[in-house]
Amino acid sequence: MHNPDLHFERQGDDNEIAVIRLTRPVKRNALNDALILALRDLFENLPTGEGGVRAAVITGEGEHFCAGLDLSELKERDAGEGLHHSRMWHAALERVQYGPVPVIAALHGAVVGGGLELASACHIRVADDSTFYALPEGSRGIFVGGGGAVRIPRLIGAARMTDMMLTGRVYNAADGEKAGFAQYLVPQGTAFDKALELAARVAQNAPLTNYALIHALPRIAEQPADQGFLTEAMMAAIAQSAPEAKARVRAFLEGKAAKVKKA
């Protein structure tokens, strides 16, 4: 992966956390095609397995997470070209949502348009007090095309998304957390630290359990109940058969593992 607008490094005690940083602060980390393709390639080639990455954090350099599509590079396209362009975004963000490891977004400043689509493809979102959310496509005569019409209503509901696009409504950090954009709200400047803390915790889980949570759980939620129950049973059987799972259960039964405590 070679793109000056995307920085990759590994952190954590065992370098088990991938830190992926959008590095276009002058453009408020707006997404162009090259950056979207770089994200796709990075997630397709994350080093996993023994000694590899077990969780990832996405953040943005500067004052903003991501202000959306880089409109300065927006081309006039016919319907077919527009269709294929949108599907390219779908393929890239699907590699984030259904990639090899859980992904945590550290949000600050603008989480707008395509930036919100990127955030919604992540599994956990941590926002700081500077965060704001918007979908300005409606006022610009365009429509979301990076998966937002599917993912964002699953976070906040179709009615809220419709309101945002019809009226240009902007959610601040506190109202955004209540609406469902983020699972965590932290003081300004601390979203990345909190995301890194969560990633370290997530990386301690059994890899097969994490894989089930990001690949099976969202699909089970979309299935009819009878199909969901069957998928759940098969996934539970596969997960508990893993050697690491058996070792963890034995450790708990032998009093070697911590019990759940009240927060």
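Quick notes
- Taken together, the criteria exclude residue 204 from residues that are assigned to a loop (DSSP other than H, G, I, E, B), in contact with an Asp or Glu (Cβ under 8 Å, 6 or more places away or on another chain) and either loosely packed, with under 14 Cβ neighbours inside 10 Å or small (Gly, Ala, Ser) (or both).
Residue-wise test of (1) open to solvent by 40 Å² or more (accessible area, probe 1.4 Å); (2) in the same structural domain as residue 156 (by the TED database).
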{"residue": "173", "(1), (2)": "no, yes"}
{"residue": "178", "(1), (2)": "yes, yes"}
{"residue": "184", "(1), (2)": "yes, yes"}
{"residue": "190", "(1), (2)": "yes, yes"}
{"residue": "232", "(1), (2)": "yes, no"}
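- Scanning the range 239-263 for residues being surrounded by fewer than 15 Cβ atoms within 10 Å (Cβ to Cβ) and part of a helix (DSSP H, G or I) gives a total of 11.
- Helices (runs of 4 or more DSSP H) within the range 77-183 that include 2 or more residues closer than 20 Å to residue 60 by Cβ: 79-97, 114-121, 148-156, 173-179
- Close pairs (8 angstrom Cβ cut-off, 6 or more residues apart or separate chains): more than 11 Å from residue 121 (Cα to Cα) in the range 84-104, hydroxyl-bearing (Ser, Thr, Tyr) anywhere: 100/48; 100/211; 101/48
- Subset of the range 126-161 (residues that are in contact with a strand residue (DSSP E or B) (Cβ under 9 Å, 6 or more places away or on another chain) and open to solvent by 40 Å² or more (accessible area, probe 1.4 Å)): 129, 132, 142, 155, 160
The values are calculated or read from the model by the stated rules, or taken from the named source; none is laboratory data. Being a predicted model, the structure only gives us computed values, none of them experimental. No Cβ is skipped: glycine too gets one built from the backbone with ideal geometry, and neighbour counts run over all protein chains shown. Just so you know, the surface numbers come from the protein's heavy atoms only, side chains and all, with ligands and any DNA or RNA stripped out. Shrake-Rupley method; radii C 1.70, N 1.55, O 1.52, S 1.80 Å.
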